[in-house]
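The values are calculated or read from the model by the stated rules, or taken from the named source; none is laboratory data. Keep in mind it's a predicted model, so treat the numbers as computed, not measured. Neighbour counts run over all protein chains shown; Cβ positions are idealised from the backbone, glycine included. For the accessible areas, the whole protein counts, side chains as well, though only heavy atoms, and no ligand, DNA or RNA atoms are used. Shrake-Rupley method; radii C 1.70, N 1.55, O 1.52, S 1.80 Å.
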Amino acid sequence: MRLKSLLLLATSVIMLGAACGSGDRGAAPLTAGASAPRGAESGTLRLGIFPNITHATGLVGIEADIFARNLGPHVTLKTSTFNAGPAAVEALFSNALDAAYIGPNPAINAYVRSKGAAIRVVAGATSGGAFFVVQSDITNAGDLRGKKVASPQLGNTQDVALRRWLKEQGLRTDVRGGGDVSVVPGDNARSFESFRAGQIAGAWVPEPWATRLVTDAGGKVLVDERDEWPGGAYVTTHLVVRTAFLQQHPDVVELLLRGHVEATAYVNAQPAEARRLVNAALARITGRPLPDALIAAAWRNLVFTNDPLAASLRTSATEAAAFGFVDPRGIEIDGIYDLRLLNTVLRGAGNAEVQVR
């Protein structure tokens, strides 16, 4: 089966697993509302989020009503939750979402597939929190030869990072699970169970799954992805907006970004309360909270920032192209960023502006 078919199949399966979240009220398009103050808009802002602590800024913004307060009484926030980036990207493509917190590789794919037209990154959110956790008897890359390892999804951020690291160690992989090391993409929960059962030798996963593999499944960290990046900084989650929505409703996007900047400050200033809010959100969305000790341990591996860390996204795009996940002719991605409104908000709050470097 050709790579294109594999990727289309993976995307279709993931879309079936996407779970729509809160807000069954009608998603009326944003317009100049007769009941709104002059110059204001009324309607619904549709925001995508993942039930994951790497999306803590967005979850806190929702759970603490920070977004709703900044959007004001005339713009209703409607949230939808997703299990994987490609499903959120398809929702953005189909005009079912206006904005979303997603990882770097789904954003790259959306930008390249649409020839730079579909989305813009308007703020950073999270850095760090990804690890390659292996069985206790694995001591180096050579011990992985002939074994199976897992990533969350074919072509996603951690999948590309895993393949890059294996290649640097002289180990081949391919998208069909062949090569010196077999990479088996799959849901993190399933990979956790496979690891605990001894069916896979390791998994490159984001938090809190990395910490769970260590504390609950007897694994050990072989690679902290921070060690693979200059200064240990790389984008894990950022906030994207549909380009058309940004062009049509810049005032609403600015209000969303006010909430985002406030939520980022809250997460950093009040980590214990932020963790409680995130766990409350996880319980509400998934029906099951995480142990407080697990969240606290995973939290230490994350940095919450408004900086989208553009240099790391460029590197991720180049690597995704090298493995055939995006068209190499479309990896000039600096145009993906529009930080003008973010910097307006940051200046207004007395904070330093963020630059694309």
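A few points about this structure:
- Pairs from Lys115/Lys147; Lys115/Lys148; Lys78/Lys115 whose Cα-Cα separation, in the structure shown, is over 31 Å: Lys115/Lys147; Lys115/Lys148
- All-pairs Cα distance distribution in the chain, expressed in whole percent, bin size 20 Å: 31, 59, 10, 0
- Overall, the accessible surface of the chain at a probe of 1.4 angstrom is composed of carbon and sulfur to the extent of 51 percent.
- Lys167 - accessible surface, heavy atoms, 1.4 Å probe, Å² rounded to 10: 130 Å²
- Residue-level accessible surface for Thr286, protein heavy atoms, 1.4 Å, Å²: 80 Å²
- Counted charge near Ala310, where neighbours are those whose Cβ lies closer than 14 Å (Asp, Glu -1; Lys, Arg +1): -2
- Taking every protein chain into account, the 1.4 Å probe leaves Trp229 with about 30 Å² of accessible area, to the nearest ten.
- Centroid-to-centroid separation of the range 133-157 and the range 273-321 [C-alpha atoms, Å]: 22 Å
- A 1.4 Å probe run over the chain, with the rest of the protein chains in place, finds 42 Å² accessible per residue.
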